[in-house]
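Working notes for the structure below.
Just so it is clear, none of the values below were taken in a lab; they were calculated from the coordinates. All values derive from a computational prediction rather than experimental measurement. A quick note on method: Cβ atoms are made from the backbone with ideal geometry, for glycine too, and the neighbour counts reach across all protein chains shown.
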Amino acid sequence: MTKEPVVAILGATGAVGQEFIRLIEERKFPYSKLKLLASYRSAGKKLTVNGQEYTVEEAKPESFDGVDIGLFAGGSISKELGPEAAKRGCIVIDNSSTFRMDPNVPLVIPEVNPEDIAWHKGIIANPNCSTIIMLMALKPIHDLSPIKRIIVSTYQAVSGAGKEGIDELRDETEAYLKGEEMQPKILPSKSLPKHYPIAFNLIPQIDKFVEKDYTKEEMKMVNETHKMLHDDSIAITATTVRVPVFRSHAESVYVETADELSVDAVRKA
Ligand code: L14
């Protein structure tokens, strides 16, 4: 690219979009033009990036004409607009789970499998947050000796459920401390009929149950790890737990490698 890229952020007003903007400012990410896009519900809102005010536009297929890089925060909007943007020559970095397991879409952590970027056809998927954290730590170990088995437990903040998840923890905490009834609406998943409080609680369920008594979040960690390490034979079991923390996920990871490694070598890696 001779000139600095035209960048669009889809979902600019959400929890992930706000982090995109914060990082673009912090890292002085170069762009010649920036477009902030969102669904019709958030269109018209005003946001300031690098001291300049922008009006959030409603995202449509044509919004991506002339855009070089599309940063997609996530959600169901990716499914239609991802291919539409790619068709218009925009390279989409998609944070939703829509395309992650699509064999035609590379799933990439730059520090883990940057070589997979080369075969993209317009969309590059960004993994689940818990998978990224785990593989950032495990890839250097995998390079010393192939990983054979992983047992992981996560402690996931409510920010993973977006702005609504963050509001839920705050509202419930306030209600509880005032001696009022808590009104859970979002967790473990908005789409499920029953909701549980997260304030002063833990919920050992993130998203729906899908197969073999594992949740969708747990299976994402299994399937995405197999795809990015290019090895479906790695034995992985994940237990994902929501904790009453606003931001930052944590994990406990047990790992076995093909060869015996010294703790020193692992630490160094
Ligand atoms: O797959 O609720 O990107 O903490 C990441 C956050 C799934 C849900 C993903 C959460 C989402 C997860």
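See the values below:
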item	result
Residue-averaged [θ]222 nm for the chain, counting only DSSP H segments that reach four residues, each worth -39500 (n - 2.57)	-8500 deg cm²/dmol
Surrounding net charge for residue 78, when Lys and Arg each add one and Asp and Glu each subtract one, Cβ distance under 12 Å	-2
P(r) weight above 12 Å for region 172-214, C-alpha pairs, percent	62 percent
Length added when fully stretched, residue 32-residue 46, from 0.36 nm per residue minus Cα-Cα	3.1 nm
17 Å Cα-Cα reach of residue 148 towards aspartates and glutamates, excluding residues that sit fewer than 8 places from it in its own chain	224, 231, 232, 256, 259, 260
Relative frequency of Cα-Cα separations exceeding 11 Å in region 1-41, percent	65 percent
Region 124-269, relative contact order in percent, only Cα pairs under 8 angstrom and at least six apart counted	40 percent
Radius 15 Å from Cβ of residue 124, net charge of other residues (Lys, Arg +1; Asp, Glu -1)	-4
Span per principal axis, largest first, for the Cα atoms of region 134-178 (Å)	53, 18, 11
Spatial separation of Cα centroids for region 1-65 and region 188-221, in angstrom	31 Å
Span-rule helices in the chain, defined as complete DSSP H runs reaching 20 Å or more along the axis (Cα) with Kyte mean at least 1.0	129-144
Leading residue at positive end of dipole, region 1-113 (Cβ point charges), from 99, 47, 81	47
At q = 0.17 Å⁻¹, base-10 log of I(q)/I(0) for region 20-85 (Debye sum, equal scatterers on each alpha carbon)	-0.64
Cross-link pairs beyond the 26 Å C-alpha cut-off, checked among 79/163; 178/220; 194/220; 60/163; 121/220	178/220
Surface/4 estimate of mean projected area, convex hull on alpha-carbon atoms of region 80-123, nm²	3.0 nm²
Relative packing of 199-212, 70-83, which averages over residues the other C-beta atoms within 10 Å, highest first	70-83, 199-212
Computed over region 1-105: relative contact order in percent, which uses C-alpha pairs under 8 Å that are six or more apart	26 percent
Cα-centred dipole magnitude for the chain, charges only on beta-carbon of K, R (+1) and D, E (-1), debye, nearest 20	480 debye
Nearest-20 debye value, region 131-240 charge dipole, Cβ charges on Lys, Arg, Asp, Glu	280 debye
Charged-residue dipole, Cβ positions (Lys, Arg, Asp, Glu), region 1-97 about Cα centre, Debye nearest 20	80 debye
Kirkwood Rh in Å, taken over all unlike Cα pairs in region 58-183	17.2 Å
Cβ-Cβ FRET estimate between residue 265 and residue 19, R0 fixed at 35 Å, reported to 0.05	0.55
Zero-based 10 Å bins, Cα pair distances in the chain, whole percents	6, 26, 31, 25, 10, 1, 0
For region 1-139, fraction of C-alpha pairs farther apart than 19 Å, in %	50 percent
Column: log10 I(q)/I(0), Debye, Cα scatterers of region 139-269, q = 0.13 Å⁻¹	-0.64
Hz values of 3J(HN,Hα) by residue in region 181-193 - Karplus curve (6.51, -1.76, 1.60), Gly and Pro given as x	6, 7, 10, x, 10, 10, 9, x, 7, 4, 6, 8, x
Net charge, residue 107 excluded, C-beta distance under 13 Å - Lys, Arg +1, Asp, Glu -1	-2
Measure of compaction for region 189-235 (Cα Rg per 2.2 N^0.38 Å)	1.44
